[in-house]
Every structure is written in C-alpha cells, then in structure tokens.
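The next block holds one structure in the form of structure tokens; read it before the comments.
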C-alpha cells in the first residue's frame, strides 16, 4: 500500500529513542529503545491488523499517517488486549486509543471507526496546539509533541529535549514514534 500523505509531518523523519526499560518489561523484553518498541508493536500486529481498514480510512480522511494511529492503538491498549469491556483497568480510558472520560465524552463503540476518528481528532488538536505554542518547531517536532500531549496534556510539553519528562514510562512519544515507524514498514 502506498503511504498516505500526512499534513502533520513525516513520522519517518522524527527522531526517537524508543521504549524505556519499564515499557519493554510489559512483554518481559530484556532490551529497550527502538528495538524494544519494534518488538512490542510486532506482538500487537495480529490484533492491529483487525482494524487496518478503519485505521487507513480514518488516516486518509484526517490526513494523519495511519502508522501513527496504529502505534497509538498498540501503545494505549495493546490493540484491545489490555481492555475489559472496552475500558482500561482504571475505568477512565475508553477504547483502542484510550479516550479519557475525564476530559472527553467517548464516542462510538470501543473498537469502532467513530472512536478512532474521535481519538485521531483529539491527537490532531494537540498537534495544532503544540504548533501554536512552539511556532519555531518543525512539523515533525510538532507531531512528536502532539503525541506526547496526547498522553500528558499540552501544558506538560515544555521543551523538545524533555518531551517525555512527564509521560507514562517517561517514553510515550519516543515509543509511539518508534512503533509508528515499524508499522509503516508493515504497510500502514
């Protein structure tokens, strides 16, 4: 499949250090970094594949790289594997992309096109807010900043150098970027 143009930057041009040791331990990996992110994504591939047509459709409609959507689905819910009745264990995060009910009214079924569209729109909103806050950043830096904000909120993204300082596992944006680059190699 041909890569769908993203108006939010080229994920393949975004620098990344990949998953932290803590994140890698989810799958009992003894490695960390980009290689660990690739392995985590690979472990989720079969489940992510079930949603590939929806991911591609939403990515095309919203002009956001489907590989980024697939990577967030992998990181947030392990493509549904970490959910019970569509919710995370805390009962706050809903769906494949974990829309937080404390900040948004979840739309659609947990694995639906409507849910993926809503979550993608939330991500795009964060990318745009990061661009407004850091107008000197390249589109790729804004993409990575938006990914970090998706996890921790825009106000907690204070510099590019410390983009993951307050994210889950201290690696959210770096891990998602590395997973997205891997998903691109798998046709997303």
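Using the basic label-point model (7 angstrom from Cα toward the beta carbon), what is the residue 109 to residue 92 distance in nanometres?
A separation of 2.8 nm, rounded to one decimal place.
Using the scaling law 2.2 N^0.38 Å as the reference, what is the normalised Cα Rg of segment 11-185?
0.93
At residue 166 and residue 47, where each label point lies 7 Å from the Cα along Cα→Cβ, what is the point-to-point distance in nanometres?
2.9
Counting only C-alpha contacts under 8 Å and six or more residues apart, can you give the relative contact order of the chain as a whole percent?
It rounds to 30 percent for the chain.
Stretched out fully, how many nm does the piece from residue 35 to residue 101 gain, at 0.36 nm a residue minus the Cα gap?
Gain on stretching residue 35 to residue 101: 20.5 nm.
Please compute, over every Cα-Cα pair in segment 114-185, the percentage with a separation greater than 15 angstrom.
51
Over segment 5-52, how many percent of alpha carbon pairs lie in each 10 Å bin up to the one with the longest distance?
For segment 5-52, the pair-distance distribution reads 25, 38, 34, 4.
For the pair residue 128 and residue 186, what calculated FRET efficiency results from E = 1/(1 + (r/R0)^6), where r is the Cβ-Cβ distance and R0 = 35 Å, to the nearest 0.05?
That gives a FRET efficiency of 0.80.
Mind checking the full-extension length gain between residue 60 and residue 85? Use 0.36 nm per residue of separation minus the Cα-Cα distance, one decimal, nm.
That pair, residue 60 and residue 85, stretches by 6.2 nm at full extension.
Given R₀ = 45 Å, FRET efficiency for residue 136-residue 22 by Cβ-Cβ distance, to 0.05?
Efficiency for this residue pair is about 0.90.
No lab work stands behind these numbers, since they all come straight from the coordinates. Model, not experiment: these values are computed from the prediction. Here Cβ is always computed from backbone atoms with ideal geometry, including for glycine, and neighbour counts include all displayed protein chains.
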